[in-house]
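Notes for the one structure printed next.
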């Protein structure tokens, strides 16, 4: 094999920013196309890319676009550090480097013939959106699909317009709750876990996908198990600091696993013993 | 023909496992109520003589914060319990409750139930056990809210 034919996994591909969409006060979405139109790219829901802001640094960001609408890529990002702050300054027409896709994906195929519960907290909806696209594209293959979504305030809701469209167009149960709200908010107030006991799904035939802050995921798992969902059919997306994205550097080690390579989507049953341990 | 609420109570998860004689006692203190969207169910400081099981609809628990106005701190929907101040002195509501949507509920006369619990400690144990479960769940939820899980770490 000629070395030149093997793509260097550490070499980013240049992508041109098509649009920067402000989602909330501190969250934005980049819409990207490869500068080289012949560049091939495909991904599965739940995978992530390493995004490189040239001269600043690289960060792992989940892909939040439709896996059946490539090569267009969307990455929803919250401004939390130096790289994402610089990323927020980028404009339409600017170039950004992409490496990926990396990591494991949501078990959308395993959910065929079952009820599907998607529990998202805050920006955790972004890595779940590709799974929702896939579920909606093959809606007839699944029984009930329930999205339980918790955010800090109504203003922090992601993809509000799209969720409303989906609710109207597909048979999709969407329940949203916020941590706090003014009296003008007509929806639920409370943590996302409080919606689980009464959400309309059959726990004996449910597959659950969870993404959000780790505390939220732990308590969501507890409620799902209490409701009767089998632990082996609960999946969650982990997050740790990543550098290489391909399991070489060890920055994202999580017990015996690397989040970048063995995750970010894990079966709960695989990581239950180490989830929530402060030493890990 | 007299319709009682016993079958509804018997089927409700909150009363699951309760003996028939206790269900009968509780049914004697209960009635169906409905609220229109915007109706105030109770006010902070008023005597807490009732509690509610929401059958259908959504109720907001609110209070006024100076300079922020009326703020919703939690909501209760289908199948959930509203109100436990009737169980503990001084039997006054600590918050306002308002129907966010047209709401059907079962209302329970707290004074009547307290009297029955005093007379029948087995009933009292069953009631308090169920409310303690709710108090525990709500304390846990409140702790999660206090973590401000979705807040940005800067």
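The values are calculated or read from the model by the stated rules, or taken from the named source; none is laboratory data. Please read all numbers here as calculations on a predicted model, not as lab measurements. Here the Cβ positions follow ideal geometry from the backbone for every residue, glycine too, while neighbour counts run over all protein chains shown.
Quick notes on this structure:
- Here residue B:151 clears all of (1) closer than 30 Å to residue A:84 by Cβ; (2) in a strand (DSSP E or B) except the condition numbered (2).
- Put simply, of A:215, A:178 the only residue that is surrounded by fewer than 17 Cβ atoms within 10 Å (Cβ to Cβ), within 11 Å of another protein chain (Cβ to nearest Cβ), under 30 Å from residue A:83 (Cβ atoms) and touching a helix residue (DSSP H, G or I) at 6+ places or on another chain (Cβ under 8 Å) is A:215.
- Filtered residues of segment A:175-221 (kept if assigned to a strand (DSSP E or B) and either over 20 Å from residue A:132 (Cα atoms) or without any contact (Cβ under 8 Å) to a residue 40 or more places away in the chain (or both)): A:175, A:176, A:177, A:178, A:181, A:182, A:188, A:189
- Residue B:65 being over 18 Å from the mean Cα position of the chain (by Cα) and either more than 14 Å from chain A (Cβ to nearest Cβ) or farther than 30 Å from residue A:77 by Cβ (or both): yes
- Scanning segment A:148-166 turns up at least one residue that is under 21 Å from residue A:112 (Cα atoms) and either under 19 Å from the mean Cα position of the chain (by Cα) or not assigned by TED's automatic domain parsing to the domain that holds residue A:65 (or both).
- One residue from B:123, B:106 being over 19 Å from residue B:32 (Cβ atoms), outside any loop (DSSP other than H, G, I, E, B) and touching a residue at least 60 places away in the same chain (Cβ under 8 Å): B:123
- Subset of segment A:25-55 (residues that are more than 17 Å from residue A:10 (Cβ to Cβ) and part of a strand (DSSP E or B)): A:27, A:28, A:29, A:30, A:31, A:32, A:33, A:34
- Conditions (1) out of contact with any strand residue (DSSP E or B) (no Cβ under 8 Å at 6 or more places or on another chain); (2) at pLDDT below 95; (3) over 29 Å from residue A:56 (Cβ atoms); number of the one not met by residue A:68: (2)
Conditions tested, residue by residue: (1) at the interface with chain A (Cβ under 7 Å from one of its Cβ atoms); (2) at negative phi; (3) at pLDDT 95 or above.
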site	(1), (2), (3)
B:115	no, yes, no
B:121	no, yes, yes
B:125	no, yes, yes
B:130	no, yes, yes
B:137	no, yes, no
B:143	no, yes, no
B:147	yes, yes, no
B:152	yes, yes, no
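- Conditions (1) in contact with a strand residue (DSSP E or B) (Cβ under 9 Å, 6 or more places away or on another chain); (2) outside any helix (DSSP H, G or I); (3) more than 12 Å from chain A (Cβ to nearest Cβ); number of the one not met by residue B:89: (1)
- Single residue of B:70, B:58 found to be at pLDDT below 90, more than 21 Å from residue B:110 (Cβ to Cβ) and within 12 Å of chain A (Cβ to nearest Cβ): B:70
- In the set (1) within 23 Å of residue A:189 (Cα to Cα); (2) within 14 Å of another protein chain (Cβ to nearest Cβ), the condition left unmet by residue B:42 is number (2).
- Meets criteria (touching a residue at least 60 places away in the same chain (Cβ under 8 Å) and on the phi > 0 side of the Ramachandran plot) for residue B:38: yes
- Which numbered condition residue B:26 fails, given (1) in a strand (DSSP E or B); (2) under 17 Å from residue B:120 (Cα atoms): (1)
- Matching entry among A:111, A:126 (being more than 14 Å from chain B (Cβ to nearest Cβ) and either more than 16 Å from residue A:208 (Cα to Cα) or surrounded by 22 or more Cβ atoms within 10 Å (Cβ to Cβ) (or both)): A:111
- Qualifying positions in segment A:25-38 - modelled with pLDDT under 95 and either within 20 Å of residue A:133 (Cβ to Cβ) or surrounded by 14 or more Cβ atoms within 10 Å (Cβ to Cβ) (or both): A:26
- Residue match in segment A:146-154 (condition: surrounded by fewer than 22 Cβ atoms within 10 Å (Cβ to Cβ), in a strand (DSSP E or B) and touching a strand residue (DSSP E or B) at 6+ places or on another chain (Cβ under 9 Å)): yes
- Residue match in segment B:101-113 (condition: surrounded by 14 or more Cβ atoms within 10 Å (Cβ to Cβ), within 12 Å of another protein chain (Cβ to nearest Cβ), closer than 15 Å to residue A:191 by Cα and out of contact with any strand residue (DSSP E or B) (no Cβ under 7 Å at 6 or more places or on another chain)): no
- Residue check for residue A:57: on the phi > 0 side of the Ramachandran plot and outside the structural domain of residue A:160 (by TED's automatic domain parsing): yes
- Residue selected from segment A:224-280 under the condition modelled with pLDDT of 90 or more, touching a strand residue (DSSP E or B) at 6+ places or on another chain (Cβ under 7 Å) and in a loop (DSSP other than H, G, I, E, B), by the criterion nearest to residue A:107 (Cα to Cα): A:264
- Total residues in segment A:197-209 satisfying the condition of being under 17 Å from residue A:150 (Cβ atoms) and either more than 23 Å from the chain's Cα centre (by Cα) or within 11 Å of chain B (Cβ to nearest Cβ) (or both): the figure is 3.
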